[in-house]
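Here's the structure we're looking at; comments come further down.
What follows draws every value from the coordinates through simple rules; no lab data is involved. No experiment lies behind these values; they were computed from the predicted model shown. Virtual Cβ from ideal backbone geometry, glycine too; neighbours counted across all protein chains shown.
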Amino acid sequence: MKYDVIIVGAGPAGSSAAYYLAAAGRKVLVLEKETFPRYKACAGGISIKALPLLDFDWQGVVEAKPRTLVFFYRSNQSFKVEWKEPMVYMVMRDRFDSLLADRAKKAGAEIKFGNPVEGVFIDPGSISVKTKTGFSYRASYVLGADGANSRVARSLNLLKNRRFGTAVAVEIQHDGGSGNHQEIRVDCGLVPKGICWQFPKTGQTSTGACTFRQGVNIYDGIDRFLTREGMEKKIILRKGHRLPADGGERKRLTAYRAMLLGDAGGLVDPLTGEGIYYALKSGFLAARAIIEKNTPDQVTALYQESIFRELFPELHAASRLTALYYRLTGVCFKLVQINPRLARALCDAMCGNHTYQKLIDTELKILKLVKEFSGNYISFKRQL
């Protein structure tokens, strides 16, 4: 049987694309290696900019709506930013992803759980997917929404020159006795070129850390963070995973009749590691390209152009800020700490209330001073 589209992965990117395509009358097959619901290592933050992409009743899976963000630098210095409205919506990925998959199924998509993909193969006039369970399926298009370790990307040689960081997620049980369960807490100095975080959920707290530097002992940083927060003896689950580290770099996301979505395409905020918005958006863009265009060349070209036009400018702006922050973390932290306007502007950009580019444009003078100081400081150190 030939499908119009085969989607590998039923996370937010895959299920989003499946919904739009099935609703438009396309014959869609989704192949997912896991059986839902399943645990997914993820902070689980739905940013404000993702809300327009969730135009259905999804609030039932929201675990918390924090309005306070507290920043620390190496557990000592700190400051907080508060909002009147929720700054982000917290979910557990098992419930959220299941909701999106059910929506796609109701629209007409066929989803086969427990079907890990072995490879993707180019055929005359079509493209085929072979599963590790021994089945092969053909389609006009394949969408790779199978995460940072994408089998689709590997099969089509689209992982060349890609860079990855390391992340670890730790789920913590809480009893509701602390006052920290409705605020987000972030430490900017315990992990080199990375951050530690704490996100509130219902009955538990999702903590974790990420770094984009190779060879870093990320577990030392997260252990110190947990000890400081008094959570080292309340661990429910700990799981490490790869994190795309090249979100701000232009890259080829298409090959023949295939397109990469979300984490599989490296579409992750390089400053915060947030990927749910980019997963949802790329799923929509891929579906739109297939629906609007007629030939494989037109479809893949429109998708690649849409990514560069609608997602890349923001990812590139975030990448510029990330490079500055990691170059001189302590100075950047202190600058934000003593400048409430800059602190709110940064947090608004991180949460999706406005863009990173707007932050750069409005705070350009301050950022230039930091960059100039950073350059002079590095030059001075090299002379020692």
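Can you tell me what share of the DSSP beta bridges in the chain is antiparallel? A percent to the nearest 5 is fine. Before the final figure, lay out each step's value.
Numbers: 50 of 72 bridges.
Roughly 70 percent of the beta bridges in the chain run antiparallel, per DSSP.
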Fill in: Size of charge dipole - the stretch 274-323 - debye, nearest 20, with Cβ of Lys, Arg +1 and Asp, Glu -1, no other charges
40
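Using 0.36 nm per residue of separation minus the Cα-Cα distance, give me the extension gain between Lys112 and Lys130 in nm, one decimal.
Numbers: separation 18, 0.36 × 18 = 6.48 nm, distance 1.30 nm.
Result: 5.2 nm gained on full extension.
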Practice prompt. Any chance you could give the angle, 0 to 90 degrees and rounded to 10, that helix 93-107 forms with the longest Cα principal axis of the chain?
Written response: 30
Worksheet item: Under a point-charge model restricted to the Cβ atoms of Lys and Arg (+1) and Asp and Glu (-1), what is the dipole moment magnitude of the chain relative to its Cα centre, in debye to the nearest 20?
Response: 800
Worksheet item: Build a GNM of the chain with springs between Cα atoms under 10 Å: which of Ile48, Ile127, Ile236 gets the top mean-square fluctuation?
Response: Ile236
Worksheet item: Remind me, relative contact order of the stretch 244-376 in percent, using alpha carbon pairs under 8 angstrom and six or more residues apart?
Response: 23
Worksheet entry | Folded to 0 to 90 degrees: helix 276-292 orientation relative to the chain principal axis, Cα | 30
Item to complete: Distance between Cα centroids, the stretch 155-172 to the stretch 286-308: provide it in whole Å.
Response: 25
Worksheet item: How far is it, in nm, from the label point at Lys293 to the one at Gln337 when both lie 7 Å from their Cα along the line to the Cβ?
Response: 4.9
Worksheet entry | Angle in degrees between helix 12-23 and the longest Cα principal axis of the chain, rounded to the nearest 10 | 40
Worksheet, complete the sentence: Calculating Cα Rg over 2.2 N^0.38 Å from this structure picks out, from (1) 1.19; (2) 1.00; (3) 1.04, entry (2)
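Based on DSSP H runs of at least 4 residues, each adding -39500 (n - 2.57), what is the mean residue ellipticity at 222 nm of the chain after dividing by all its residues, to the nearest 500 deg cm²/dmol? Walk me through the numbers before you get to the answer.
On the way: 11 runs with 140 residues, N = 384.
Value at 222 nm, helices only, nearest 500: -11500 deg cm²/dmol.
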